[in-house]
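Since the structure comes first, as structure tokens, the remarks are kept for the end.
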Amino acid sequence: MESWMTDLIVQVIAGALGGTAAGSVLKDLSLGKPGDAISGAIGGGVIGQILNSVLGGDAGAVGGLDVGSLVQSIFGGGIGGAIVMAIIGVLRNAMMKR
């Protein structure tokens, strides 16, 4: 499998986990478990790919696996998922108040 495809899969999974974790902590912004996971997965994939493009991901290959890129994908996807879930939660709350 291509390196970018592996990175994207890791970012989407990490984003779903990050979105779910953020929804558990930020209960007032939570979209429900499925909503948190879906918005987190989207955010993890998008923000993770942006970070991959900006920061690159070609350092630390071990046995055909790029460890640096994998760690970057996990953190970028998880944090990106949490951020996007929170943004969508804030927007949803603002729309509900109207």
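Scanning for something in contact with a helix residue (DSSP H, G or I) (Cβ under 7 Å, 6 or more places away or on another chain), part of a loop (DSSP other than H, G, I, E, B) and either at pLDDT below 95 or among the basic types (Lys, Arg) (or both), does the range 76-86 turn up at least one residue?
Within the range 76-86, not a single residue is in contact with a helix residue (DSSP H, G or I) (Cβ under 7 Å, 6 or more places away or on another chain), part of a loop (DSSP other than H, G, I, E, B) and either at pLDDT below 95 or among the basic types (Lys, Arg) (or both).
When you scan the range 36-49, how many residues do you find that are of a type in the set (A, V, I, L, M, F, W, C) and in contact (Cβ under 8 Å) with a residue 24 or more places away in the chain?
The number of residues fulfilling the criteria is 4.
Among the residues of the range 59-66, are any surrounded by fewer than 20 Cβ atoms within 10 Å (Cβ to Cβ), assigned to a helix (DSSP H, G or I) and without any contact (Cβ under 8 Å) to a residue 12 or more places away in the chain?
No.
Quick check on the range 1-24: of everything there that is more than 14 Å from Ile38 (Cα to Cα) and within 11 Å of the chain's Cα centre (by Cα), which residue is least open to solvent (accessible area, probe 1.4 Å)?
Val10
Give the residues of the range 5-47 that are part of a helix (DSSP H, G or I) and of a type in the set (Lys, Arg), sorted by residue number.
The one that is part of a helix (DSSP H, G or I) and of a type in the set (Lys, Arg): Lys33.
Within the range 25-55, count every residue that is under 10 Å from the mean Cα position of the chain (by Cα), at pLDDT below 90 and open to solvent by 30 Å² or more (accessible area, probe 1.4 Å).
1
Is there a residue being assigned to a helix (DSSP H, G or I), crowded, with 19+ Cβ neighbours inside 10 Å and at pLDDT 85 or above anywhere in the range 87-98?
yes
Give all pairs with beta carbons closer than 9 Å in which a residue from the range 70-91 that is of a type in the set (Ser, Thr, Tyr) meets a residue that is surrounded by fewer than 23 Cβ atoms within 10 Å (Cβ to Cβ); count only pairs at least 6 apart in sequence or on separate chains.
Ser73/Thr6; Ser73/Leu8; Ser73/Ile9; Ser73/Val10; Ser73/Leu51; Ser73/Asn52; Ser73/Gly57
The values are calculated or read from the model by the stated rules, or taken from the named source; none is laboratory data. Here the structure is a predicted model, which means the values were calculated and not measured. Here Cβ is always computed from backbone atoms with ideal geometry, including for glycine, and neighbour counts include all displayed protein chains. Note: accessible area is taken over every heavy atom of the protein model, side chains too, but ligands, DNA and RNA are not part of it. Shrake-Rupley method; radii C 1.70, N 1.55, O 1.52, S 1.80 Å.
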